[in-house]
Amino acid sequence: MALRRMLGYSDGELMRSDAKPCTRLMRQTAGIFSVGGALGFWILCRLHYGPRITVPRSLRWAACGAVTVSSSTALLVRLFSPECEPQNIAAYDKKG
């Protein structure tokens with residue numbers, strides 16, 4: 001699924017054995033960016049609604065921001081990270 005080979009950035013070789021596996025890299029990136037997405041969308045909610053804001057509305061915006069930003073950054077990591085090329089996934093990611 002990595003786009004690096006199609007864009008010409010990949011040489012097709014295996015990475016070093018001490019590199020992070022793709023699944024762990026995606027999980028850590030999504031976890032970090034979910035916090036940032038929640039904070040960013042909460043701020044946008046405060047700016048959009050102003051004094052009419054309610055707690056359920058702000059929590060809904062924060063949850064949507066966390067899901068949106070974490071999933072989009074995990075997808076970008078999956079598409080563009082050298083750890084997520086097929087030969088590295090086959091060699092270093094644990095199955096099951």
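The values are calculated or read from the model by the stated rules, or taken from the named source; none is laboratory data. Keep in mind it's a predicted model, so treat the numbers as computed, not measured. All Cβ positions, even for glycine, are placed from backbone atoms using ideal geometry, and neighbour counts span all protein chains on display.
Looking only at the range 22-47, residues that are in contact (Cβ under 8 Å) with a residue 12 or more places away in the chain and more than 14 Å from the chain's Cα centre (by Cα) come to 7 in all. If you check L14, L7 for being more than 11 Å from the chain's Cα centre (by Cα) and free of Cβ contacts under 8 Å to residues at least 60 places away in the same chain, only one passes: L7.
Of the residues making up the range 35-62, those that are part of a helix (DSSP H, G or I) and among the hydroxyl-bearing types (S, T, Y) number 2.
When W42 is tested against (1) in contact with a helix residue (DSSP H, G or I) (Cβ under 6 Å, 6 or more places away or on another chain); (2) surrounded by fewer than 14 Cβ atoms within 10 Å (Cβ to Cβ), just one condition goes unmet, and that condition is (2).
Number of residues in the range 79-96 that are part of a helix (DSSP H, G or I) and crowded, with 19+ Cβ neighbours inside 10 Å equals 4. For the range 45-64, a residue qualifies if it is touching a Cys at 6+ places or on another chain (Cβ under 6 Å) and not small (G, A, S), and exactly one does: W61.
Which residues, taken from the range 1-23, are assigned to a loop (DSSP other than H, G, I, E, B), surrounded by 10 or more Cβ atoms within 10 Å (Cβ to Cβ) and among the hydroxyl-bearing types (S, T, Y)?
Y9, S10
L47 falls short on exactly one of the conditions (1) more than 20 Å from Y9 (Cα to Cα); (2) surrounded by 14 or more Cβ atoms within 10 Å (Cβ to Cβ); (3) out of contact with any Gly (no Cβ under 9 Å at 6 or more places or on another chain), and that condition is (2).
With the condition kept exactly as written, say whether any residue in the range 58-78 is over 30 Å from L3 (Cα atoms), exposed (fewer than 15 other Cβ atoms within 10 Å of the Cβ) and not polar (S, T, N, Q). Yes, because at least one residue in the range 58-78 is over 30 Å from L3 (Cα atoms), exposed (fewer than 15 other Cβ atoms within 10 Å of the Cβ) and not polar (S, T, N, Q). M26 meets all of the listed conditions (1) of a type in the set (A, V, I, L, M, F, W, C); (2) modelled with pLDDT under 85; (3) in a helix (DSSP H, G or I); (4) in contact with a Lys or Arg (Cβ under 7 Å, 6 or more places away or on another chain) but one, namely (2).
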